[in-house]
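Data first, discussion second: the structure below is written as structure tokens.
The values are calculated or read from the model by the stated rules, or taken from the named source; none is laboratory data. All values reported here derive from a predicted model rather than from experimental measurement. FYI the Cβ positions are ideal-geometry reconstructions off the backbone, even for glycines, and counts take in every protein chain you see. Note: areas computed on protein heavy atoms with side chains; ligands, DNA, RNA excluded. Shrake-Rupley method; radii C 1.70, N 1.55, O 1.52, S 1.80 Å.
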Amino acid sequence: MKKRYSTMVKTHKSDKPKKAFLQSNNTYMALFGSVLLSLLLVSACSPETFSEQGSLTAEDSATDPDRNLQDVEDIEDNIKNSYARLASKRSDICPKLIQEEIGSQVVERTAEVMVNNHCDYFLYPRSGQQISVSINDSQIEALLIVPALHDFANGDYKVDSYDKHVIRLTYNGATYKPENFMYDVAVTISG
């Protein structure tokens with residue numbers, strides 16, 4: 001019996017240092033975790049960080065709210081122009097971006113298809129140029145709708161500034177518009 005007791009005592013004595021080591025490691029880990037957690041809570045709830053971020057946001061929106069609105073409008077306009085650039089390769093999709101070719105003042109679009117009741121054409125003429133629109137069908141009305149309202153039936157339009165100009169061709173016939181109404185349009189940009 002003595003041998004058993006002595007081996008049990010030896011086993012029990014050899015477990016003591018392991019238990020003490022594990023207990024001290026657990027204590028250090030718990031201490032480290034609580035310090036880390038308290039640092040995170042202090043930094044998250046710090047009034048300086050909150051007030052700095054809040055004041056930066058408030059200053060940005062208070063100083064120039066129109067700039068934010070303008071940025072949004074510019075992004076929307078760029079998306080529309082990208083779509084219009086792709087649509088210019090097809091005859092049945094509107095709106096379209098039209099660009100004059102180097103050395104040519106006339107942009108001709110033949111066999112265009114008006115699916116809806118109107119089709120918009122975007123262009124960017126330079127200040128001082130003249131824009132005129134001619135269409136092969138009298139059932140179509142040509143209007144400049146951006147940046148100003150101008151009816152091309154009353155003559156050419158003189159460009160005042162380098163801005164996006166939108167020409168809207170609208171079906172204005174006495175009868176119902178055919179589903180796929182075909183027409184030719186020529187936009188002349190001179191000066």
**Message:** Exactly one of these conditions fails for V113: (1) at pLDDT 90 or above; (2) among the hydrophobic types (A, V, I, L, M, F, W, C); (3) closer than 26 Å to G191 by Cα. Give me its number.
**Reply:** (3)
**Asked** How many residues, within the range 146-174, are more than 15 Å from M114 (Cα to Cα) and among the hydroxyl-bearing types (S, T, Y)?
**Response** 3
**Request:** Can you tell me which residue within the range 149-177, out of those that are of a type in the set (A, V, I, L, M, F, W, C) and open to solvent by less than 60 Å² (accessible area, probe 1.4 Å), is nearest to the chain's Cα centre (by Cα)?
**Result:** V166
**Subset of the range 101-129 [open to solvent by 60 Å² or more (accessible area, probe 1.4 Å) and either within 22 Å of L149 (Cα to Cα) or among the hydrophobic types (A, V, I, L, M, F, W, C) (or both)]** = I102, V106, V115, N116, N117, H118, Y124, R126, S127
**Request:** Report yes if E141 is more than 23 Å from S82 (Cβ to Cβ) and either without any contact (Cβ under 8 Å) to a residue 24 or more places away in the chain or part of a strand (DSSP E or B) (or both), otherwise no.
**Result:** yes
**Prompt:** Has the range 88-100 got any residue that is in a loop (DSSP other than H, G, I, E, B), open to solvent by less than 60 Å² (accessible area, probe 1.4 Å), in contact with an Asp or Glu (Cβ under 8 Å, 6 or more places away or on another chain) and of a type in the set (S, T, Y)?
**Reply:** yes
**Request:** Kindly provide the set of residues from the range 178-187 that are at pLDDT 90 or above, open to solvent by less than 90 Å² (accessible area, probe 1.4 Å) and over 32 Å from the mean Cα position of the chain (by Cα), ordered by number.
**Result:** F181, Y183, D184
**Request:** Could you tell me whether D156 is at pLDDT 95 or above, within 29 Å of G103 (Cβ to Cβ) and among the charged types (D, E, K, R)?
**Result:** yes
